[in-house]
Amino acid sequence: MVSKTEESQLQQLENQVENGGGGAWEYLSLVRKLKLRRSDKVLKHGLALLNDPKKRSALGPDEWNLYEQVATAALDCQCLEVAKDCIKVLQKKFPGSKRVGRLEAMLLEAKGSWDEAEKAYSSLLEDNALDQVISMRRVAMAKARGDILGAIDWLNKYLEIFMADHDAWRELAEIYVSLQMYKQAAFCYEELILSQPMIPLHHLAYADVLYTIGGLENLQTAKKYYASTIELTGGKNTRALYGICLCTSAIAQLTKGKNNEDKEISTLAAAALEKDYKQSSPDKVSLLASTLKTMKLQ
């Protein structure tokens, strides 16, 4: 995860480079270090360095890292001829390299040569089954082809090996939600909460899924996770506040008003929502009041 300091440094460098103030290599190096894409900027400034023989030679061994970075950016931007030229240079310098082979497979993928790309990825994984980038490329390729079930299959196989990859768990959860496979999505969010308990968005997403599934037990659990989201965000998450109110209303309907558990927290959530709306959307306060009245929270 990129820190605020790193983000600030990156933005400062980007503005400097964009305004002709120099520092293109420092900017490109920081983008690579932080594992960001910024593909359009990388392509623009990276290509300018590579096309200048004097600046290119001054990079020393880092010249080849830049070729790889520009090739990847060109693929992202669908500048396939640029990507092809960069890959050719790398092929000549590093014949038989698996790292270059990965770029070749990505070029096939970008061209839409799915079968050839799949063969290339399979061959590379035979040599190194623990290559995370290639494994995730197969997921991306399946999604690009519209094969969502295939993407799910590849993600599950990937997570059997790389269980600590939070981004993969989140991607799988989002796919499950898009397919209305909420129980499977809930499992993914449980894994995320276990590994990253202080990330409020995981708690919020899990609560949303449980609320959608419904049922008294799920609603009660959803309410707890909306509450933990509020706690982790210092009471500033409007969606979680509204979630508390929705859960309270749904639970009251299921129990026919017999369950008064946590009545206080729903009252506080409703009050916090009113305060928030008065500050940010005063013209919608009456609409909120009407909604809360319908939920019998006013």
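The values are calculated or read from the model by the stated rules, or taken from the named source; none is laboratory data. Everything numeric here is computed off the predicted structure, so don't read it as measured data. Reconstructed Cβ throughout: ideal geometry from the backbone, glycine too, with neighbour counts over all protein chains shown. Note: accessible area is taken over every heavy atom of the protein model, side chains too, but ligands, DNA and RNA are not part of it. Shrake-Rupley method; radii C 1.70, N 1.55, O 1.52, S 1.80 Å.
Calculate, for region 199-298, the solvent-accessible area per residue in square angstrom, rolling a 1.4 angstrom probe over the heavy atoms of the protein chains. Please report the intermediate quantities before stating the final value.
Numbers: 5760 Å² over 100 residues.
Here the residues of region 199-298 average 58 Å² of exposed surface.
Using the beta-carbon distance between Lys55 and Gln91 and R0 = 30 Å, what value does 1/(1 + (r/R0)^6) give for FRET efficiency, to the nearest 0.05?
Details: r = 23 Å, r/R0 = 0.76.
The formula returns an efficiency of 0.85 here.
For region 1-95, what are the per-bin percents of Cα-Cα distances with bins 10 Å wide, up to the bin holding the maximum?
P(r) over region 1-95, rounded to whole percents: 16, 49, 29, 6, 0.
Picking from Gly23, Ala73, Pro53, whose Cα lies most toward the positive end of the charge dipole for region 1-95 (charges on Cβ: Lys, Arg +1; Asp, Glu -1)?
Pro53
Give, to the nearest whole percent, the P(r) tail of region 197-238 beyond 15 angstrom, counting all Cα pairs. Don't jump to the answer; show the numbers that get you there.
Values: 279 of 861 pairs.
The answer is 32 percent, as a whole percent.
Let me check against my output: what whole-number percent is the relative contact order of the chain, with C-alpha pairs under 8 Å and at least 6 apart? Present the calculation step by step, with values, prior to reporting the outcome.
On the way: 285 pairs, mean separation 19.5, N = 298.
Value for the chain: 7 percent.
Given that just one value was derived from the coordinates, which of [x] 6, 20, 23, 21, 16, 10, 4, 0; [y] 5, 15, 18, 17, 13, 10, 7, 6, 4, 3, 2, 1, 0, 0; [z] 6, 26, 32, 22, 10, 4, 1, 0 is P(r) over Cα pairs in 10 Å bins from 0, in percent?
[x]
Heavy atoms only, probe 1.4 Å: what % of the accessible area of the chain goes to carbon and sulfur, would you let me know? List each step's numbers first, then the result.
On the way: 8860 of 17010 Å².
Accessible surface attributable to carbon and sulfur in the chain totals 52 percent.
Using +1 at the Cβ of each Lys and Arg and -1 at the Cβ of each Asp and Glu in region 126-252, identify which of Ile193, Phe162, Val133 lies farthest towards the dipole's positive end.
Most positive-ward Cα: Ile193.
Quick one: Debye curve from the C-alpha atoms of region 199-298, no solvent, what's log10 I(q)/I(0) at q = 0.18, 0.24, 0.25 Å⁻¹?
Listed by q, the Debye log ratios stand at -0.80, -1.28, -1.34.
Relative contact order (percent) for region 21-128, with alpha-carbon contacts under 8 angstrom and 6 or more residues of separation?
Working: 92 pairs, mean separation 19.6, N = 108.
Relative contact order for region 21-128 comes out at 18 percent.
Dipole of the chain, Cα-centred, from +1 at each Lys and Arg C-beta and -1 at each Asp and Glu C-beta, to the nearest 20 debye?
500
Place the peptides 87-95, 232-240 in order of packing, highest mean first, counting for every residue the other Cβ atoms within 10 Å and averaging per peptide. Walk me through the numbers on the way to the answer.
On the way: 87-95: 14.2, 232-240: 16.2.
Order by mean packing, descending: 232-240, 87-95.
So for Leu179, Leu159, what's the accessible-area order with a 1.4 Å probe, most first? Working shown, then result.
Details: Leu179 70, Leu159 10 Å².
Ranked list, largest accessible area first: Leu179, Leu159.
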